[in-house]
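K.L.:
I am attaching a structure below and will ask some questions about it afterwards.
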Ligand SMILES: Cc1ncc(COP(=O)(O)O)c(C=O)c1O
């Protein structure tokens with residue numbers, strides 16, 4: 001593109017102009033680091049703006065790199081379209097605020113991730129939206145008794161963070177459909193590699209992409225996928241009203257994460273199983289919860305609806321409670337003390353001495369935890385190295 005003869009400041013802004021991008025074929029999706037997109041003409045701009053023609057206008061409303069991530073995600077979950085967000089929590093908020101109005105209610109499985117619980121506790125009462133919690137293991141049986149004309153969504157998280165409780169997805173969908181209710185699932189822990197909710201009749205699938213999708217503990221993001229009809233409803237709330245859109249570079253990192261997601265989930269699952277089997281027999285461990293263990297109450301339902309493995313997160317109850325949990329953390333050498341999960345590194349969290357320090361024993365119990373509760377988000381290291389680190393840290397308590 002030539003600008004003819006222009007002056008110095010104009011040259012500084014425009015440079016040599018854009019090359020013909022149709023003639024360049026990179027192997028990797030380019031990062032469209034652009035907040036706005038140029039229209040070819042006033043007419044084409046009007047057509048794109050009004051939705052008559054596909055195209056891009058403004059990155060908050062859509063970006064080619066972010067769209068690549070959304071399309072890949074929808075394909076892997078087996079549905080039509082996706083919307084990506086700057087965080088998982090932004091994805092949850094966009095879905096809830098799309099479907100619920102003051103006076104409505106949501107039936108949610110419990111426990112759920114603390115940040116989602118916080119959103120439900122802090123924001124929903126202000127909007128006069130009620131959250132009705134039902135226990136994860138029994139939500140499918142109790143749903144009918146609680147659903148009423150103001151129920152708009154059934155929200156489930158399975159396996160749940162941090163207790164690994166499991167919801168029977170197919171039975172919950174069956175119960176919800178009797179009342180004409182949409183089912184939303186947080187599929188962060190399993191990913192589409194291990195659990196395929198759309199095939200079980202779930203309407204909307206969301207993720208904290210910060211976790212396994214990113215996979216390296218270095219980027220925040222969220223994503224929602226569903227049929228075109230649902231995404232058409234969620235998109236205006238997400239992009240026009242709330243505005244928590246993903247950045248192009250982040251979208252690119254998430255697409256890259258998806259390319260190795262099946263390999264990583266296989267390894268996370270193998271390591272999770274090996275480490276759970278070791279911890280199950282450890283004399284310093286009261287209880288080990290991992291959906292892959294036959295001794296775990298959620299094993300039968302998890303086996304029915306997960307395939308290829310049970311993921312990388314497990315929970316243990318260390319003998320000796322809060323103090324033992326604190327000492328255990330300080331004894332670790334390889335595993336890192338950090339919140340979050342889904343990273344290549346093994347991350348350990350002891351809520352009673354860190355995130356939930358002010359919680360009493362009964363407060364913890366209400367969230368399904370004990371003072372000795374520790375969540376281990378297993379990475380993709382050699383499992384024997386992780387086992388040796390956990391063993392020495394437990395033995396020195
Ligand atoms: C299961 C689950 N859902 C949602 C979220 C929220 O995601 P983000 O932290 O990316 O906002 C998290 C975060 O830990 C999570 O574990």
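K.L.:
Could you please let me know if residue 228 is in contact with a strand residue (DSSP E or B) (Cβ under 6 Å, 6 or more places away or on another chain) and closer than 21 Å to residue 75 by Cβ?
P.N.:
Numbers: in contact with a strand residue (DSSP E or B) (Cβ under 6 Å, 6 or more places away or on another chain): yes; closer than 21 Å to residue 75 by Cβ: yes.
Yes.
K.L.:
Please enumerate the residues belonging to segment 196-211 that are within 10 Å of the ligand (Cβ to nearest atom) and touching a helix residue (DSSP H, G or I) at 6+ places or on another chain (Cβ under 7 Å). Walk me through it before giving the result.
P.N.:
Filtering segment 196-211 for residues within 10 Å of the ligand (Cβ to nearest atom) gives 206-211.
Result: 206, 207, 208, 209, 210.
K.L.:
Same structure, new question: Kindly indicate which of 269, 307 is within 20 Å of residue 169 (Cβ to Cβ) and not in a loop (DSSP other than H, G, I, E, B).
P.N.:
Numbers: 307 fails: not in a loop (DSSP other than H, G, I, E, B).
Being within 20 Å of residue 169 (Cβ to Cβ) and not in a loop (DSSP other than H, G, I, E, B) holds for just one of 269, 307, which is 269.
K.L.:
For residue 209, only one of the following conditions fails: (1) assigned by TED's automatic domain parsing to the domain that holds residue 163; (2) surrounded by fewer than 24 Cβ atoms within 10 Å (Cβ to Cβ). What is its number?
P.N.:
Every listed condition holds for residue 209 apart from (2).
K.L.:
So which residues in segment 140-154 are closer than 12 Å to residue 100 by Cα and more than 16 Å from the ligand (Cβ to nearest atom)?
P.N.:
First pass over segment 140-154, keeping only residues closer than 12 Å to residue 100 by Cα: 150-154.
Within segment 140-154, 150, 151, 152, 154 qualify.
K.L.:
For segment 333-351, check the following and say yes or no: at least one residue is in a strand (DSSP E or B), under 27 Å from residue 268 (Cβ atoms) and without any contact (Cβ under 8 Å) to a residue 24 or more places away in the chain. Reasoning before the result, please.
P.N.:
We begin by selecting, within segment 333-351, every residue in a strand (DSSP E or B); these are 336-337, 347-349.
Imposing the further condition that a residue be under 27 Å from residue 268 (Cβ atoms) reduces the set to 336-337, 347-349.
Subset that is without any contact (Cβ under 8 Å) to a residue 24 or more places away in the chain: 336-337.
Among the residues of segment 333-351, at least one is in a strand (DSSP E or B), under 27 Å from residue 268 (Cβ atoms) and without any contact (Cβ under 8 Å) to a residue 24 or more places away in the chain, which makes the answer yes.
K.L.:
Looking only at segment 212-231, count how many residues are more than 15 Å from the ligand (Cβ to nearest atom) and part of a loop (DSSP other than H, G, I, E, B).
P.N.:
Within segment 212-231, the first condition is being more than 15 Å from the ligand (Cβ to nearest atom), and the residues that meet it are 226-231.
Right, trim to part of a loop (DSSP other than H, G, I, E, B) and you get 227.
The number of residues fulfilling the criteria is 1.
K.L.:
Among the residues in segment 59-74, are any farther than 16 Å from residue 235 by Cβ and touching a strand residue (DSSP E or B) at 6+ places or on another chain (Cβ under 6 Å)?
P.N.:
No, that holds for no residue.
K.L.:
Just a yes or no: is a residue in segment 156-176 within 13 Å of the ligand (Cβ to nearest atom) and not in a loop (DSSP other than H, G, I, E, B)?
P.N.:
Within segment 156-176, one or more residues are within 13 Å of the ligand (Cβ to nearest atom) and not in a loop (DSSP other than H, G, I, E, B).
K.L.:
Say we look at segment 361-384 and pick out the residues that are modelled with pLDDT of 95 or more and part of a loop (DSSP other than H, G, I, E, B); which of these is surrounded by the fewest Cβ atoms within 10 Å (Cβ to Cβ)?
P.N.:
Going through segment 361-384, the residues modelled with pLDDT of 95 or more turn out to be 370-384.
Applying the additional criterion that residues be part of a loop (DSSP other than H, G, I, E, B) yields 370-372, 378-382.
Details: 370: 20, 371: 23, 372: 23, 378: 30, 379: 25, 380: 21, 381: 16, 382: 10.
Among those residues, the one meeting the criterion is 382.
The values are calculated or read from the model by the stated rules, or taken from the named source; none is laboratory data. Predicted model only: the values in this text are computed from it and were never measured. Virtual Cβ from ideal backbone geometry, glycine too; neighbours counted across all protein chains shown.
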